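Notes follow the structure.
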Amino acid sequence: QVQLVESGGGLVQAGGSLRLSCSATRRISSFDVMGWYRQTPGKQRELIATITSAGSTNYADSVNGRTTISRDNAKNTMYLQMNSLKPEDTAVYYCNERRVVNVEGAAEELWGQGTLVTIST
């Protein structure tokens, strides 16, 4: 079964750092856009960052400047490095893979189960 598995979540003190990993069971390719999302109960899922196969990145304003998304295609793995963590960063973080499957832009998506990040004060 094709799936994504997140790891690296846990309890981190405010002001600290963490690195999340997302491992895919299939090769990630040049057709894939990888991304990180997060969600708090009662709130919609929020896009944090995306990265293309060429390394082009985009970040949400809430994390821009203290977050780095990266990918290692050879290892089928994506990472999220977050620094200067704040209590409001507490959420379940999800890995996403979006693969374009035809020339008109149709895509398939995979989601991980999520990893909980808790920032203590």
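Show me the strands (runs of 3 or more DSSP E) found entirely inside segment 14-121 where at least 2 residues are buried (at least 19 other Cβ atoms within 10 Å of the Cβ) and either in contact (Cβ under 8 Å) with a residue 60 or more places away in the chain or among the small types (Gly, Ala, Ser) (or both).
Filter on segment 14-121 gives 18-24, 32-39, 77-82, 91-100, 115-120.
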Residues that are farther than 15 Å from Thr50 by Cα, of a type in the set (Asp, Glu) and under 15 Å from the mean Cα position of the chain (by Cα), drawn from segment 72-103 = Asp89
Of all residues making up segment 24-47, the number that are modelled with pLDDT of 95 or more and either touching a Cys at 6+ places or on another chain (Cβ under 9 Å) or at positive phi (or both) = 3
Test for Leu80: is it farther than 19 Å from Ala24 by Cβ and aliphatic (A, V, I, L, M) = no
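The values are calculated or read from the model by the stated rules, or taken from the named source; none is laboratory data. Treat the numbers as computed from the prediction; the structure is a model and nothing was measured. Ideal geometry is used to build each Cβ from the backbone, glycine not excepted, and the neighbour counts take in all protein chains shown.
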